[in-house]
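The values are calculated or read from the model by the stated rules, or taken from the named source; none is laboratory data. Keep in mind that this is a model prediction, so the values were computed, not measured. Please note: Cβ atoms are built from the backbone with ideal geometry, for glycine as well, and neighbour counts cover all protein chains shown. Side chains are part of the model used for accessible areas, which takes the heavy atoms of the whole protein and leaves out ligands, DNA and RNA. Shrake-Rupley method; radii C 1.70, N 1.55, O 1.52, S 1.80 Å.
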Amino acid sequence: MKRTLMAFTVLLTVICSPRSAMSQTFYATSPSGHSLRYSITSTTEHTVSLVNGSNNSQFNASSNVVISDTVYYEGVAYTVTDISGQALNVPMYSLTIPRTIRTIGYHPFSSNPNMSPIHYYNTMRKLYFNADSCESSGGLWAAYNYWMPAFKDCHQLDTVIVGEHVKNLPYKL
């Protein structure tokens, strides 16, 4: 009986414990009206990463996608600091990257055919780059293959507009 009660107490504690906010993902509407998926990266610094999982049906080759610098989840403001690998493997015409972005992952704007069953040949034609201290963070593979930049698969990209406050563009992008 004592053993059963102790097991029940442990189970109840696990079930009733709050979920870790660090593993939480949520959707927020961007300034361009797209529902984008974010993952909390720090609850103390209130930061999130844009991650894969947006509904692809809301995008097309004429979509002008704007990534917000701040998103809200359960009444808390979070700063968008990262764009993870394959975060926006969707068709789009233009993309606006905010000043708050610090890192951009591997193949963030089109999928890698070796990693995903869906492969979009990125249709992005315009990039509004406003991140003032951004670097590539493509993980181990990108560290060894520095020639694989974040915009490698953006073959139709013909216009890049750099914000006035941007002092330099990272070499590995």
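For the range 129-160, name all the residues that are open to solvent by 70 Å² or more (accessible area, probe 1.4 Å) and modelled with pLDDT of 75 or more.
Selection gives His155, Gln156, Asp158, Val160.
Could you tell me which residue of the range 33-64 is modelled with the lowest pLDDT, considering only residues that are open to solvent by less than 40 Å² (accessible area, probe 1.4 Å) and assigned to a loop (DSSP other than H, G, I, E, B)?
Ser54
Among the candidates Ser110, Ser94, single out the residue that is modelled with pLDDT under 80 and open to solvent by less than 20 Å² (accessible area, probe 1.4 Å).
Ser110
Name the single residue that is modelled with the lowest pLDDT among those in the range 161-173 being touching a strand residue (DSSP E or B) at 6+ places or on another chain (Cβ under 8 Å) and open to solvent by 50 Å² or more (accessible area, probe 1.4 Å).
Lys172
Can you run down the residue pairs with Cβ atoms below 9 Å, 6 or more apart or on separate chains, where the first is in the range 34-55 and more than 14 Å from Tyr73 (Cα to Cα) and the partner is surrounded by fewer than 19 Cβ atoms within 10 Å (Cβ to Cβ) and among the aliphatic types (A, V, I, L, M)?
Once the first residue is more than 14 Å from Tyr73 (Cα to Cα) and sits in the range 34-55, its partners that are surrounded by fewer than 19 Cβ atoms within 10 Å (Cβ to Cβ) and among the aliphatic types (A, V, I, L, M) give His34/Val66.
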